[in-house]
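Report on the structure given below.
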Amino acid sequence: MRSKFAVIGLGVFGHSIATTLAERGAEVIAIDFNEDHVESIKDQVAYAVALDATDIRALEAQNIQDMDAVIVAIGEDFEAILITTANLQELNVKRVITRASNKQQRRILEKMGVQEILSPEGEVGKTVAERLLQPSIRTFLPLPDNYEIVEINAPRNIANRSVAKISLREKYNLNLITIKRFFEEIQDGKPTQVEHIIGVPKADTIIYPSDILLLIGKKQDVKRFIEVNR
């Protein structure tokens, strides 16, 4: 079954997220108040509609509550962002991801209980789409010839196994660059989880469930590795 996403706000940022998700095989509903924005994307997504996302009844009529995730990518109108986000929360949308343009907006959204907040200045639409399609991918850097460097949460099925036994290169054509690992340290008199790089992994290095792996390989090989071992 294809993943289903809705993108609300079809400026440059939202347009990039919506079209990238659609190109990767997701079912995408693209929503904007501006009919020209809707018209420009209608042939690239499953469905595009012009509506006011601050109207909860209009959202409900689109079965927005059935989406796997809804991305609020509205631009400058922060009031519209807040009302739309609140509407999605009231409709019990599984996963709400909202745009914030500055630290103040981020703080307000955090107080609303929004756990996933996007900062367009530091995010690229294609990167956001990749993370939505592969939730275990934390960040990624696209490279020429369909290669990429990805930072992923250690898949469940490889936890507590050595690098040698996983056979990344032999089975998946991937190379492990390094591992990020959390250690408990005392800071300001309190135990705190601090992230460290463990250096170049050796064959006998054990991968822990909470580790973050930095891999390089082709996009399809990364995807296969995640799907096989999730």
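The values are calculated or read from the model by the stated rules, or taken from the named source; none is laboratory data. Small disclaimer: the values here were computed from a predicted structure and weren't measured. Ideal geometry is used to build each Cβ from the backbone, glycine not excepted, and the neighbour counts take in all protein chains shown. Each accessible area value is taken on the protein alone, full model and side chains, heavy atoms only, with ligands, DNA and RNA left out. Shrake-Rupley method; radii C 1.70, N 1.55, O 1.52, S 1.80 Å.
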Practice problem: Sort out for me the Cα centre separation of the range 189-214 from the range 1-69, rounded to whole Å. | Solution: 38
Quiz item: Which whole-percent values make up P(r) of the range 1-89 when all C-alpha to C-alpha distances are grouped in 10 Å steps starting at zero?
Solution: 19, 57, 24, 0
Exercise. Take the solvent-accessible surface of the protein heavy atoms, probe 1.4 Å, and return the percent of it on the range 134-229 that carbon and sulfur atoms account for.
Key: 52
Quiz item: What accessible area per residue comes out for the chain, rounded to a whole number of Å², with a 1.4 Å probe?
Solution: 55
Quiz prompt | Dipole axis of the chain (+1 Lys, Arg; -1 Asp, Glu on Cβ), positive-most option in ASN102, VAL194, ILE83 | solution = VAL194
Exercise. Report the one residue of ILE149, PRO209, VAL28 whose Cα lies farthest in the direction of the positive end of the charge dipole of the chain (charges on C-beta: Lys and Arg +1, Asp and Glu -1; origin at the Cα centre).
Key: PRO209
Quiz item: Per the 1.4 Å probe, what fraction of the accessible area of the range 4-122, in percent, lies on carbon and sulfur atoms?
Solution: 44
Self-check item: Theoretical gain in end-to-end length, ALA203 to LYS103 [0.36 nm per residue, Cα-Cα removed]
Solution: 31.7 nm
Self-check item: Quotient of Cα Rg and 2.2 N^0.38 Å for the chain, N being how many residues it contains
Solution: 1.14
Quiz item: Can you give the direction-averaged projected area of the convex hull of the alpha-carbon atoms in the range 136-208, in nm²?
Solution: 6.2
Quiz item: Could you give the dipole magnitude of the range 134-229 about its Cα centre, charging the beta-carbon of Lys and Arg +1 and that of Asp and Glu -1, in debye to the nearest 20?
Solution: 360
Exercise. State the antiparallel share, in %, of DSSP beta bridges confined to the chain, rounding to the nearest 5.
Key: 60
Quiz item: From a point 7 Å beyond the Cα of ILE149 in the direction of its Cβ, which residues of the range 208-230 have a backbone N at a distance under 17 Å?
Solution: 212-219, 222
Exercise. Mind pulling the angle between the C-alpha long axis of helix 219-229 and the longest principal axis of the chain? Nearest 10 degrees, somewhere in 0 to 90.
Key: 80
Quiz item: How big is the charge dipole of the chain about its Cα centre, in debye rounded to the nearest 20, if each Lys and Arg gets +1 on its Cβ and each Asp and Glu gets -1 on its Cβ?
Solution: 1280
